[in-house]
Amino acid sequence: MKNLLKSLLILVTVFLASNAVTAQKTNQKAVIKTTLNCDHCTACETCGMKFKTEMLKIKGVKMYELDDKAMTFTVYYNAKKTNLQKIKEAISKLGYDADEVKADPASVEKLDACCKV
């Protein structure tokens, strides 16, 4: 009976450990360089609200941080649901550069005058 319980405990432990390793592989973190042309983009009614609502609408994005001083997005995402290129393209459609992906010109036009290039 003790051997059966030990075997069961070992089996459960291995199962939980393998699930934790799998979850770690799907959760990714990326730092994406952008360009902000004003000092208040995150507080701006147009741009700030766009960051807050649209970034989390990107499929697979779990959380993001915008560092306006360093001009970077730190994005936490599920690699099974999206990839880094799709996230960069979505940021571009918000009107901002995302590393090598340049901001979509039509989206830039929708930004407040102070936030445009």
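The values are calculated or read from the model by the stated rules, or taken from the named source; none is laboratory data. Remember, it's a predicted structure, so these values are computed and weren't measured experimentally. Because the Cβ atoms are built from the backbone with ideal geometry, glycine has one as well, and the counts that use them run over all protein chains shown.
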Restricting the search to segment 108-117, which residues are closer than 13 Å to Thr34 by Cβ and surrounded by fewer than 18 Cβ atoms within 10 Å (Cβ to Cβ)?
Val117
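Residues checked against (1) among the basic types (Lys, Arg); (2) assigned to a loop (DSSP other than H, G, I, E, B); (3) farther than 17 Å from Val108 by Cβ; (4) modelled with pLDDT under 70:
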{"position": "Val14", "(1), (2), (3), (4)": "no, no, yes, yes"}
{"position": "Gln24", "(1), (2), (3), (4)": "no, no, yes, yes"}
{"position": "Gln28", "(1), (2), (3), (4)": "no, no, yes, no"}
{"position": "Val31", "(1), (2), (3), (4)": "no, no, yes, no"}
{"position": "Cys38", "(1), (2), (3), (4)": "no, yes, no, no"}
{"position": "Lys52", "(1), (2), (3), (4)": "yes, no, yes, no"}
Could you list all residues from segment 74-117 that are more than 16 Å from Tyr64 (Cα to Cα) and modelled with pLDDT under 90?
Gly95, Ser107, Val108, Glu109, Lys110, Leu111, Asp112, Ala113, Cys114, Cys115, Lys116, Val117
Of all residues in segment 69-92 being free of Cβ contacts under 8 Å to residues at least 24 places away in the same chain and within 14 Å of the chain's Cα centre (by Cα), which is farthest from Lys59 (Cα to Cα)?
Ser92
Among the residues in segment 93-116, are any within 20 Å of Lys29 (Cβ to Cβ), of a type in the set (Gly, Ala, Ser) and under 11 Å from the mean Cα position of the chain (by Cα)?
no
